[in-house]
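Working notes, structure below.
The values are calculated or read from the model by the stated rules, or taken from the named source; none is laboratory data. Quick caveat, the model's predicted, so the values are computed rather than measured. Cβ placement follows ideal geometry from the backbone for every residue including glycine, while neighbour counts extend to all protein chains displayed. We work out accessible area using only protein heavy atoms, side chains counted, and drop any ligands, DNA or RNA first. Shrake-Rupley method; radii C 1.70, N 1.55, O 1.52, S 1.80 Å.
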Amino acid sequence: MSYLIQGETGDWEVILGLEVHAQVVSNAKLFSGAPTTFGAEPNNNVSLVDSAMPGMLPVINEKCIEQAVRTGLGLKAKINLRSVFDRKNYFYADLPQGYQISQFKNPIVGEGAVILDLPDGSTRTVGIERLHLEQDAGKSIHDQDPKRSFIDLNRSGVALMEIVSMPDMRSPEDAGAYVRKLRSILRYLGTCDGNMEEGSMRADVNVSVRPVGETELRTRAEIKNVNSVRFVMQAIEYEARRQVEVYESGGEVVQETRLFDSVKGETRSMRSKEFAHDYRYFPDPDLLPIEFSQEYVDQIKETLPELPDDKKERFMSDFALSAYDAGVLVAEKETADYFEAVAQGRDAKTAANWVITNLFAVLNAKGVGIAESPVSSDSLGQLLDLMADNTISGRIAKDVFEIMVESGDDPGKIVKDKGLEQITDTGEIEGVIDQIIADNPKQVEQFKGGNEKIAGWFVGQAMKATGGKANPQAVNEILKKKLSS
Ligand code: MN
């Protein structure tokens, strides 16, 4: 599945690397005790450290270190037992310190990998270059007053993990799958809530293009702070095409930072890209290097949950699910748990189909997650049992499911109240079929004349006459017998 851009001079390949900023799940900020709650009144979650009052000193929050190590382990990455905090110097109104405390040469986490689950069921591995801890900045607010800007420092000093991928992605789909998979892993780990709409996960997307066959990387542009999977994909699509056009019209792509305008669906230049030396990085003299033992890492490793890749493999081997179905079911831990509850002691393939097709359709239509599902895993399981023991047919099950969604009632109760039990009494079905045959001599003639397709019409009539409750297998058998006699 290769994604190429057809230019006037030939086909172009797209090279993508992502830097994801993920907010660490922690009650307090990286270097202060101020809270991190989302949606607080402006400037309420701010300590003297976060507002950079003179003489204030940062104190590392151990919980954030633990979360970074945990994330590194989840990304199968090298954990560095010694890492260093550096000052990244730049001026911005919402950065009162005049520098961001980050990690430059010695990050806490080194190389790892993320496995993408692609729509065709195949996988692709994207290398992780590093993960480092750093502070978030505050927020400048320009739309409250025509003449003044405001600063909200609530986010100032909140712990972020910057997760940098290798330039291993080749299409908007790859990048979308990467962000989704990374978010899934972080949520399983409980190290980032992954709520992109609240800004707790943002992606900087590095895009470059080159003619197919070329091996050197060309100059890249970086699209900053893209805050949804869809926008990441749209931004790449636009930016890659723009770069191809620049090259084909004889120009050069410049290294720069660009913004994605989601309304216009285009990227535009924000500023020419700074280089690392512009920031005058140096080790923060207020903070000692972070050092911990392998034992500390091993202890954290003990507490890791089963992660999506392992769960997917287990679903494929234990439940004989396809790679695609298993991948869809494990993407969210709540969905995986729900499915397992339904599948336990039942036909897993049927359970997977019902969750992926019928339940997901309802959740999508209602715009809710599985935690707010109107049908519990218990109820769905009961519905499957009613089908398995032939109390209802698969067709009636769909009707029952709809009623379950609206009423919240148990399937057993609905079937009983509405008299939806399947008719398996062959005498009753025979009676119905005899009547249909007697009423439709013309169709019987057609069948006897060799028109086998008409058999389907008879099945339809029988189902209609029984309100869809006749056992389809019995109908088929009896019809075959009667029509060919
Ligand atoms: Mn950063």
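Every residue in the stretch 455-485 that is surrounded by 12 or more Cβ atoms within 10 Å (Cβ to Cβ) and not in a helix (DSSP H, G or I), please.
T466, G467, G468, K469, A470, N471
Which of the residues spanning the stretch 425-454 are part of a loop (DSSP other than H, G, I, E, B) and either more than 53 Å from the chain's Cα centre (by Cα) or more than 11 Å from T466 (Cβ to Cβ) (or both)?
Listed by number, the residues that qualify are N440, G449, G450, N451, E452, K453.
Restricted to the stretch 35-46, and to residues that are of a type outside the set (V, I, T) and open to solvent by 30 Å² or more (accessible area, probe 1.4 Å), which residue is nearest to the ligand (Cβ to nearest atom)?
Checking each candidate, the answer is F38.
Just to be sure I understand, how many residues within the stretch 131-151 are surrounded by fewer than 14 Cβ atoms within 10 Å (Cβ to Cβ) and either within 11 Å of the ligand (Cβ to nearest atom) or free of Cβ contacts under 8 Å to residues at least 40 places away in the same chain (or both)?
Qualifying residue count for the region: 7.
Could you say which residue among V244, V209 is among the aliphatic types (A, V, I, L, M), part of a strand (DSSP E or B) and under 23 Å from G10 (Cβ atoms)?
The match here is V209.
Inside the stretch 252-303, can you point out the residues that are among the aliphatic types (A, V, I, L, M), open to solvent by 40 Å² or more (accessible area, probe 1.4 Å) and closer than 27 Å to S102 by Cβ?
Passing the criteria: V254, L259, M270, A276, L288.
What do you reckon, is S165 within 20 Å of the chain's Cα centre (by Cα) and within 16 Å of the ligand (Cβ to nearest atom)?
yes
Here's the yes/no breakdown for (1) open to solvent by 50 Å² or more (accessible area, probe 1.4 Å); (2) within 16 Å of the ligand (Cβ to nearest atom); (3) touching a His at 6+ places or on another chain (Cβ under 7 Å); (4) assigned to a helix (DSSP H, G or I):
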| site | (1), (2), (3), (4) |
| --- | --- |
| G33 | yes, no, no, no |
| P54 | yes, no, no, no |
| C64 | no, yes, no, yes |
| V69 | no, no, no, yes |
| A77 | no, no, no, no |
| R87 | no, yes, no, no |
| Q100 | no, yes, no, no |
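If only one of T191, T257 is in a strand (DSSP E or B) and hydroxyl-bearing (S, T, Y), which one is it?
When all the criteria are applied, what remains is T257.
Looking at I128, is it assigned to a strand (DSSP E or B), free of Cβ contacts under 8 Å to residues at least 60 places away in the same chain, open to solvent by less than 20 Å² (accessible area, probe 1.4 Å) and within 16 Å of the ligand (Cβ to nearest atom)?
So I128 fits the description; yes.
Within the stretch 14-29, does at least one residue satisfy the condition of being open to solvent by less than 30 Å² (accessible area, probe 1.4 Å) and more than 28 Å from the chain's Cα centre (by Cα)?
No, the stretch 14-29 has no match at all.
Across the stretch 14-28, what is the number of residues that are in a loop (DSSP other than H, G, I, E, B) and within 16 Å of the ligand (Cβ to nearest atom)?
Selection size over the stretch 14-28: 1.
Of all the residues that make up the stretch 156-178, how many are more than 25 Å from V212 (Cβ to Cβ) and buried (at least 22 other Cβ atoms within 10 Å of the Cβ)?
7
If you go through the stretch 237-248 one residue at a time, do you hit one that is in contact with a helix residue (DSSP H, G or I) (Cβ under 7 Å, 6 or more places away or on another chain), of a type outside the set (D, E), modelled with pLDDT of 95 or more and within 30 Å of L186 (Cβ to Cβ)?
No, because not a single residue in the stretch 237-248 is in contact with a helix residue (DSSP H, G or I) (Cβ under 7 Å, 6 or more places away or on another chain), of a type outside the set (D, E), modelled with pLDDT of 95 or more and within 30 Å of L186 (Cβ to Cβ).
How many residues, within the stretch 1-13, are open to solvent by 60 Å² or more (accessible area, probe 1.4 Å), part of a loop (DSSP other than H, G, I, E, B) and either under 26 Å from V179 (Cβ atoms) or in contact with a strand residue (DSSP E or B) (Cβ under 7 Å, 6 or more places away or on another chain) (or both)?
2
Looking at the stretch 102-123, which of its residues are surrounded by fewer than 19 Cβ atoms within 10 Å (Cβ to Cβ) and either more than 16 Å from the ligand (Cβ to nearest atom) or not assigned by TED's automatic domain parsing to the domain that holds T71 (or both)?
Within the stretch 102-123, G110, E111, A113, I115, L118, P119, D120, G121, S122, T123 meet the criteria.
Might you let me know whether the stretch 295-306 holds any residue that is within 30 Å of V69 (Cα to Cα), touching a strand residue (DSSP E or B) at 6+ places or on another chain (Cβ under 7 Å) and not in a helix (DSSP H, G or I)?
No - not one qualifying residue is present in the stretch 295-306.
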